[in-house]
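Below: one structure, written as structure tokens.
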Amino acid sequence: MGVASWLKQLRRVPGVNKARHLAEVAVTPYVRGDLAELRAVTERDIADLQARLALIEGSQPLVLNAISSTNGVARLSAREMQSTRDDLTGFVEASLAPHVSSIAYLLQRVEMVRAEVLYELRYGQAAGTEATPIASQSKVINPAALEQPDVRLNHGCGHVPLPGFVNVDMRELPGVDVIAVLDDLPVPEGSLAEIFSAHVLEHFPGEELTRRLLPYWRSLLRPGGVFRAVVPDIAAMANGYSSGAIGFETFREVLYGGQEYQGDTHYNGFSAAHLGSLLADAGFEEVAVIAEGRPNGSCLEFEIRASAPRSAVPA
């Protein structure tokens, strides 16, 4: 039997219709009240949602405009910050430039005073005492060599005396004409035609060489007299070591000396440009580099030439 047929037969049962009527009368008012209340709540919620949506839609242009302009504002801020930074840098540089120059000058003066004090401590006279002359160790073995019309000295000749030169060394070796220290030579000022030295200058500390020895040797030369020196080319040696062409032991020995006897220690090192500037500062003229990076055994050397002024210069 179908549902429809079953319901049709149920209505024919005595009392069913009356029961249904009673149920409708009892329940319907409550159901209608609940539905009305639900409708009111629903309509209120919908109205609230519509108001919120209207508010969002009204604010949307402002939000979109703010989003679209963010990059522009950021770029403008960056430009303003850079402009401020540039202005501040320019102000600081303009304000501090005179002080920076003054500070640099003061530092230079401090360094000069430091060098003077150390030089005097090592080479100068003691405070409150008279100057003490350097003790002479001169011994002329071959007087005839100093009687030539054009005397040419070979400074620190060692075991390599040169013909045509007065060979000078602090040791009494074969071929040495004069035994003397190189800062107290038995020759008058302005008398020498030439002073030559091979691998000698590097044996003197820098301050002693620049302050005392170079001016002293220049004073021994006659006007236009020649000063020639051969020294290890430290710049070329350093390049050779850095490239691997020269081993460390060779580089070390050339840099510091063989140290096989007293006086065989190197206190100094030169490039051609450096020594040239030292000679010019000492009053020499016509400074010229004869050779650079020239092999001499395991050493690379350079040769430099300068001349005493042709007009008198105070020693």
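The values are calculated or read from the model by the stated rules, or taken from the named source; none is laboratory data. The structure presented is a predicted model; accordingly, all values stated were derived computationally and were not measured. Every residue, glycine among them, receives a Cβ derived from its backbone with ideal geometry; neighbour counts consider all protein chains shown.
Taking residue 219 as the residue in question, decide whether it is part of a helix (DSSP H, G or I), within 25 Å of residue 139 (Cβ to Cβ) and either basic (Lys, Arg) or out of contact with any helix residue (DSSP H, G or I) (no Cβ under 8 Å at 6 or more places or on another chain) (or both). Considered against the rule, which asks whether it is part of a helix (DSSP H, G or I), within 25 Å of residue 139 (Cβ to Cβ) and either basic (Lys, Arg) or out of contact with any helix residue (DSSP H, G or I) (no Cβ under 8 Å at 6 or more places or on another chain) (or both), residue 219 comes out as yes.
Scanning segment 266-315 for residues that are assigned to a loop (DSSP other than H, G, I, E, B), more than 30 Å from the chain's Cα centre (by Cα) and either surrounded by 18 or more Cβ atoms within 10 Å (Cβ to Cβ) or touching a residue at least 24 places away in the same chain (Cβ under 8 Å) (or both) gives 283, 284, 298, 308, 309, 310, 311, 312, 313, 315. Inspect segment 171-193 for any residue being closer than 18 Å to residue 224 by Cα, modelled with pLDDT of 95 or more and among the acidic types (Asp, Glu) and give the result as yes or no. Within segment 171-193, not a single residue is closer than 18 Å to residue 224 by Cα, modelled with pLDDT of 95 or more and among the acidic types (Asp, Glu). Is there a residue in segment 187-197 that is farther than 19 Å from residue 309 by Cβ and surrounded by fewer than 20 Cβ atoms within 10 Å (Cβ to Cβ)? For segment 187-197, residues farther than 19 Å from residue 309 by Cβ and surrounded by fewer than 20 Cβ atoms within 10 Å (Cβ to Cβ): absent.
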